[in-house]
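Any read-out appearing in this document is the output of simple, stated calculations on the displayed coordinates, not a laboratory observation. All values derive from a computational prediction rather than experimental measurement. All Cβ positions, even for glycine, are placed from backbone atoms using ideal geometry, and neighbour counts span all protein chains on display.
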Amino acid sequence: MIDTHAHLCFPDFDKDREQVIEECRNQLSAVIVSSARYREGLLALEVCSKYPNFLFLTLGFHPTEGGTEKDAEKILDLIKENKERVKGIGEAGLDYHWEQDPGKREMQKGIFSRFIRLAKELKKPLVIHSWDAEQDCFEMVRGQGIACIFHCFSGGRELAREILKEGFYISVSTQVCFSKHHKKLAKLIPLDRLLLETDSPFLSPQKHGAYEPLVKGFDPNRNYPWNIRLSAEKIAGVKGISQEEVLEAAKANAVKVFGIKI
Ligand SMILES: [Zn+2]
């Protein structure tokens with residue numbers, strides 16, 4: 001199984017990152033390490049180089065970083081400098097949940113369009129952050145000829161259908177373990193367009209729902225890549241198929257869209 005979006009280079013993992021990664025190696029086939037800030041990206045480059053064919057990297061810029069074009073520029077340069085190693089661009093996108101100011105939303109759009117252009121230029125998949133801005137994100141990427149992944153998608157079912165029609169992927173996070181809306185979304189995503197992610201250290205199923213930790217000895221307030229097993233169980237339930245089928249399909253999709261060799 002593959003977790004396609006985990007922030008293993010977030011400070012939350014500073015004290016035991018090696019142990020978490022070792023346990024990931026016991027449990028999963030690969031993890032895509034997402035980054036959304038410059039320093040996180042630098043650390044991700046370093047950490048992923050120690051685990052070839054297991055940890056893979058995406059570099060991006062979070063829309064709520066309050067960033068100026070200059071901050072984004074540093075990350076765009078970092079991507080170009082490491083284009084052989086970078087398996088995807090992102091996360092990048094729009095966040096209207098935390099940003100209400102119309103001027104700043106426009107600035108987010110300007111920065112996001114630069115990441116879209118780079119994904120197109122480098123022919124890499126784009127990992128999209130779209131909290132409460134799903135429609136605008138979709139309008140910006142549709143018809144651009146790039147592979148898109150709507151990470152942690154929480155938009156409506158109508159829009160989800162449009163996104164799928166465009167040939168894009170929807171990544172279901174561990175929110176599916178504790179949210180009715182996400183279960184309904186998961187039900188409508190066909191198996192060949194489904195990805196699984198945890199967005200670790202966020203969205204812990206143990207913190208938000210009544211779940212026992214799958215692995216003992218790790219703080220249940222954080223999320224871990226192996227928790228996609230719980231998501232797969234929930235998705236299997238709503239689809240009436242086996243957990244293994246969900247994990248296998250999501251894994252095959254991850255290998256295909258990120259072009260990774262495991
Ligand atoms: Zn993320």
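Being at negative phi, within 16 Å of the ligand (Cβ to nearest atom) and part of a helix (DSSP H, G or I) is a property that Leu8 lacks. Restricting to segment 1-11, and then to whatever is closer than 20 Å to Ile260 by Cβ and hydrophobic (A, V, I, L, M, F, W, C), can you tell me which residue is surrounded by the fewest Cβ atoms within 10 Å (Cβ to Cβ)? Here the answer is Met1.
Write out, first by first residue and then by second, each pair whose Cβ atoms fall under 7 Å of each other, whose residues are 6+ apart or on separate chains, and whose first residue, in segment 186-202, is without any contact (Cβ under 8 Å) to a residue 12 or more places away in the chain and within 16 Å of Phe150 (Cβ to Cβ) while the second is more than 16 Å from the ligand (Cβ to nearest atom) and in a helix (DSSP H, G or I). Pairs that qualify, where the first residue is without any contact (Cβ under 8 Å) to a residue 12 or more places away in the chain and within 16 Å of Phe150 (Cβ to Cβ) and the partner is more than 16 Å from the ligand (Cβ to nearest atom) and in a helix (DSSP H, G or I): there are none. Applying the condition of being free of Cβ contacts under 8 Å to residues at least 40 places away in the same chain and either in contact with a helix residue (DSSP H, G or I) (Cβ under 8 Å, 6 or more places away or on another chain) or buried (at least 21 other Cβ atoms within 10 Å of the Cβ) (or both) to segment 12-22 and asking which residue is nearest to Leu43 (Cα to Cα) yields Arg17. Against the list (1) touching a residue at least 24 places away in the same chain (Cβ under 8 Å); (2) touching a helix residue (DSSP H, G or I) at 6+ places or on another chain (Cβ under 8 Å), the condition Ser171 fails is (2). With respect to the conditions (1) under 25 Å from Ala252 (Cβ atoms); (2) of a type in the set (A, V, I, L, M); (3) touching a residue at least 40 places away in the same chain (Cβ under 8 Å), Leu78 lacks only one, and its number is (1). When each of Phe218, Phe202 is tested for being of a type in the set (Phe, Trp, Tyr), within 16 Å of the ligand (Cβ to nearest atom) and outside any helix (DSSP H, G or I), the lone residue that passes is Phe202. When the test is whether a residue is more than 16 Å from the ligand (Cβ to nearest atom), surrounded by fewer than 17 Cβ atoms within 10 Å (Cβ to Cβ) and in a helix (DSSP H, G or I), Arg25 passes it. You will find that of Ile75, Ile146, Ile128, Ile89, the residue that is assigned to a helix (DSSP H, G or I) and β-branched (Val, Ile, Thr) is Ile75 and no other.
Criterion applied to His181, His151 was being out of contact with any Pro (no Cβ under 8 Å at 6 or more places or on another chain) and either of a type in the set (A, V, I, L, M, F, W, C) or away from the ligand (no atom under 16 Å from the Cβ) (or both), and the one residue passing it is His181. In the set (1) out of contact with any helix residue (DSSP H, G or I) (no Cβ under 6 Å at 6 or more places or on another chain); (2) in a helix (DSSP H, G or I); (3) over 21 Å from Ile32 (Cα atoms), the condition left unmet by Ala250 is number (3).
Criterion applied to Ile170, Ile235, Ile163 was being part of a helix (DSSP H, G or I), of a type in the set (A, V, I, L, M, F, W, C) and closer than 23 Å to His62 by Cβ, and the one residue passing it is Ile163.
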